[in-house]
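See below for the structure under consideration.
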Amino acid sequence: MSSAPTPIVSNFIRTIIDADLASGKHGNIVTRFPPEPNGYLHVGHAKSICLNFGLAQDYQGKCNLRFDDTNPEKESQEYAQSIQNDVRWLGFEWNGEVRWASDYFEQLYQFAVELTEKGLAYVDDLTPEQMREYRGTLTQAGKSSPSRERSVAENLDLFARMRAGEFADGSMVLRAKIDMASPNMNMRDPVIYRIRRAHHIRTGDVWCIYPMYDYTHCISDALEGITHSLCTLEFEDHRPLYDWVLDNLSIKCHPRQYEFSRLELHYTITSKRKLLQLVNDKHVSGWDDPRMPTISGMRRRGYTPDGIREFAKRVGISKSNNTVDMSVLEGCVREDLEAKAARVMAVIKPLKVVVTNFIEGQTESRVAGFHPQHPEFGERLVPFAKEIWIEADDFSVNPPEGWQRLTVGGEVRLRYSYVLRCDELIKDAAGNVVELRCSIDPDTLGKNPVGRKVKGVIHWLSVEHALPAEIRLYDRLFTVPEPDADKNVDFCTYLNPKSLAVVQGWVEAVVREAASETRYQFERLGYFCTDRYAHLPGKKIVFNLTATLKDTWEK
RNA sequence: UGGGGAGUCGCCAAGUGGUAAGGCAACGGGUUUUGAUCCCGUCAUCCGUAGGUUCGAUCCCUACCUCCUCAGCCA
């Protein structure tokens, strides 16, 4: 990061790892990031990625990337590919090859046979509705299915025939035989295999039965030698099942699951289902729309991997529910960009200024550094001419108290150039200010005028030299802090109609050949990034607003 | 009303039986040709509540309150 990086803060998981390493329980740690390839990764996943890969880095351990691809109906290669791209873009590399739960399908099947042989699993043909009834409620114990006492031999036969495709989808399942009276619903004989004739992205039509998450995850972790299996709080209730499966199978490795609280962010949503809805209903241009909280969306918006990683560090890891404001994420990105983005001037809402005492047709160029604190960023020439653009917001006919910008009769410093005085304004028939007639003080280049102080500094562009650019301005996607808080109101109701505004502005000619995804600070405006797709170097300039600069002037 | 979790500054978040880290934000001041950055300073007599144990408790015990979470052949 720019200045002082946020120091590593202890958390309960690090405490556990420290103890495991100190006691010799583990010589080194192995974590894993296990997404289901059923959507694009979002900021919440970024927190998990930074945790798992970050821990592996800090402790010189390893972190696997494993796809939990056990539900073929929702998964796709496109998603799997995007996930790999996102992890790498964030700056992490997984240990060895990408792992797939589907690579373990045969072993998973054999383990299920083992469970069945031990009398710990049985084939059930209750309908989903019946199964729900038999499961009981939070306060009432469930009751046994008639199939619960089926013989081992018959279970083995039935399970083999399930695999062989003899039964219809949904007609039967394999269940773990645990405890129908358990106060933990997950232990009331959970389904571990279901029949589903769906084309799988990797195994195609080889299988017609697929293992469930709870059964698959722990075994996958064990097969990979994972030491610390980290997941979010809602899986706390699943831990007994995770342990039950491993305790009852002939697998020596028994990873431990630890749960941390998930990230909640104000003014956005992080539910894959809802994010998918935004895409499908065309409320956004796609998963990578710059307004999306997806990693690819943030990338397109101009957020940096370092900024996002800093954010993960800042929010920390704990078990308490927490909601972080978007401004914290923006702050991290700003901090990173402050140090890394080259400065350039741009005018988003232009107002023409004619410098009456400057010679027509003359151009006067001044050298300006690309970064005030880093001369190594280099410099460029900024041309000055008789006609210039200034930001319309930098001029006011009736300025409020404390105004440091331009007003009639007032003076302001043109960044890198002269002190300018506004002598008169020109209005159109409707009374709108359309042009300013100003004059410069020729003796203020590189020095302050004598006898008076000019506090304000504004950015500007020579009309003749500026380059037109499409500038996409973004605002928060939702108008309320918690769009999906009320289950009775569709979160789309709170979509911000003004979350995107496309304007035609002007930028310095030096950015003409900028590659896509090049980040700049437009002085006094904010950080902008050339669009990953629409921006065509040398042909079409398209910038996305990443974040505005902090503005303490706001009144 | 069953089970599993969590409650420390506006937002995150350490911490320990010995008298409350840090970050962000905020607020004051300084520098500044970005009202940005940067620099300096301020910012919990108090750790959900009420009791108890103790020389001493945010950390131990008891009760209570609040919030989250679980009844998919999703993950």
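Can you confirm whether the stretch A:39-49 contains a residue that is within 11 Å of RNA strand B (Cβ to nearest atom) and within 28 Å of residue A:109 (Cβ to Cβ)?
The answer is yes; a qualifying residue exists.
Identify, please: which residue in the stretch A:343-367 is open to solvent by 50 Å² or more (accessible area, probe 1.4 Å) and basic (Lys, Arg) and is, among those, nearest to RNA strand B (Cβ to nearest atom)?
Of everything passing the filter in the stretch A:343-367, A:366 is nearest to RNA strand B (Cβ to nearest atom).
I'd like the full set of residues that are under 30 Å from residue A:472 (Cβ atoms) and part of a loop (DSSP other than H, G, I, E, B), limited to the stretch A:338-367.
A:341, A:345, A:348, A:349
Of all residues in the stretch A:313-331, count the ones that are open to solvent by 10 Å² or more (accessible area, probe 1.4 Å) and within 30 Å of residue A:514 (Cα to Cα).
Qualifying residue count, the stretch A:313-331: 5.
Given the options A:56, A:112, name the one that is small (Gly, Ala, Ser), open to solvent by less than 20 Å² (accessible area, probe 1.4 Å), in contact with a Leu (Cβ under 7 Å, 6 or more places away or on another chain) and in a helix (DSSP H, G or I).
Checking each option against the conditions leaves just A:112.
Please count how many residues of the stretch A:368-383 are more than 11 Å from RNA strand B (Cβ to nearest atom) and either among the aromatic types (Phe, Trp, Tyr) or part of a strand (DSSP E or B) (or both).
So the count comes out to 4.
When the stretch A:244-282 is examined, which residues are found to be of a type in the set (A, V, I, L, M, F, W, C) and more than 16 Å from residue A:294 (Cα to Cα)?
Those that are of a type in the set (A, V, I, L, M, F, W, C) and more than 16 Å from residue A:294 (Cα to Cα): A:244, A:245, A:246, A:249, A:251, A:253, A:260.
Would you confirm whether any residue within the stretch A:399-419 is of a type in the set (Asp, Glu) and closer than 24 Å to residue A:469 by Cα?
So far as the stretch A:399-419 goes, no, none of its residues is of a type in the set (Asp, Glu) and closer than 24 Å to residue A:469 by Cα.
Select the strands (runs of 3 or more DSSP E) contained entirely in the stretch A:471-555, then report the ones holding at least 2 residues which are open to solvent by less than 60 Å² (accessible area, probe 1.4 Å) and among the β-branched types (Val, Ile, Thr).
Once the strands (runs of 3 or more DSSP E) in the stretch A:471-555 are filtered for at least 2 residues that are open to solvent by less than 60 Å² (accessible area, probe 1.4 Å) and among the β-branched types (Val, Ile, Thr), what remains is A:500-507, A:542-548.
Return yes when residue A:195 is in contact (Cβ under 8 Å) with a residue 60 or more places away in the chain and either among the aliphatic types (A, V, I, L, M) or under 19 Å from residue A:119 (Cβ atoms) (or both) and no when it is not.
no
Inspect all residues belonging to the stretch A:107-122 and state whether any of them is farther than 27 Å from residue A:224 by Cβ and either within 14 Å of RNA strand B (Cβ to nearest atom) or out of contact with any Asp or Glu (no Cβ under 9 Å at 6 or more places or on another chain) (or both).
Yes, the stretch A:107-122 has at least one match.
Go through the stretch A:360-377 and give me each residue that's farther than 20 Å from residue A:459 by Cβ and over 35 Å from the mean Cα position of the chain (by Cα).
Of everything in the stretch A:360-377, those that are farther than 20 Å from residue A:459 by Cβ and over 35 Å from the mean Cα position of the chain (by Cα) turn out to be A:360, A:361, A:362.
Just give me the residues in the stretch A:239-269 being outside any helix (DSSP H, G or I) and away from RNA strand B (no atom under 13 Å from the Cβ), in sequence order.
Within the stretch A:239-269, A:248, A:249, A:250, A:251, A:252, A:253, A:254, A:255, A:256, A:268, A:269 qualify.
Within the stretch A:189-220, can you find the residues that are farther than 29 Å from residue A:145 by Cβ and touching a strand residue (DSSP E or B) at 6+ places or on another chain (Cβ under 7 Å)?
A:202
Within 11 Å of RNA strand B (Cβ to nearest atom) and at pLDDT 95 or above: is that true of residue A:172 in this structure?
Taking the combined requirement at face value, the residue satisfies it.
Return the pair list, or none, for Cβ contacts closer than 6 Å from residues in the stretch A:505-525 that are assigned by TED's automatic domain parsing to the domain that holds residue A:539 to residues that are part of a strand (DSSP E or B) and of a type in the set (Phe, Trp, Tyr), at least 6 apart or on different chains.
Listed pairs, sorted by first residue: A:506/A:389; A:520/A:528; A:521/A:527; A:522/A:528.
Of all residues in the stretch A:66-102, which are part of a strand (DSSP E or B) and open to solvent by 10 Å² or more (accessible area, probe 1.4 Å)?
A:99, A:100
Pick from A:195, A:209: which is near RNA strand B (Cβ under 7 Å from one of its atoms) and open to solvent by less than 10 Å² (accessible area, probe 1.4 Å)?
Within the list A:195, A:209, the selection yields A:195.
Pull up the stretch A:332-342, narrow it to residues that are touching a residue at least 60 places away in the same chain (Cβ under 8 Å) and within 10 Å of RNA strand B (Cβ to nearest atom), then point me to the one that is most open to solvent (accessible area, probe 1.4 Å).
So, considering only residues that are touching a residue at least 60 places away in the same chain (Cβ under 8 Å) and within 10 Å of RNA strand B (Cβ to nearest atom), the one most open to solvent (accessible area, probe 1.4 Å) is A:338.
Does residue A:216 satisfy the condition of being near RNA strand B (Cβ under 8 Å from one of its atoms) and β-branched (Val, Ile, Thr)?
Here the answer is yes, as residue A:216 does meet what is asked.
I'm checking my understanding of the structure. Among residues of the stretch A:449-464 that are modelled with pLDDT under 95 and farther than 12 Å from residue A:414 by Cα, which one is surrounded by the most Cβ atoms within 10 Å (Cβ to Cβ)?
A:449
Which ones in the stretch A:226-237 are open to solvent by 40 Å² or more (accessible area, probe 1.4 Å) and in contact (Cβ under 8 Å) with a residue 40 or more places away in the chain?
Once the filter is applied, which keeps residues that are open to solvent by 40 Å² or more (accessible area, probe 1.4 Å) and in contact (Cβ under 8 Å) with a residue 40 or more places away in the chain, the stretch A:226-237 yields only A:237.
The values are calculated or read from the model by the stated rules, or taken from the named source; none is laboratory data. This one's a predicted model, so the numbers in the text were calculated from it and none came from an experiment. Here the Cβ is made from the backbone with ideal geometry for all residues, glycine too, and neighbour counts use every protein chain on show. Heavy atoms of the whole protein, side chains included, go into the accessibility calculation; ligands, DNA and RNA do not. Shrake-Rupley method; radii C 1.70, N 1.55, O 1.52, S 1.80 Å.
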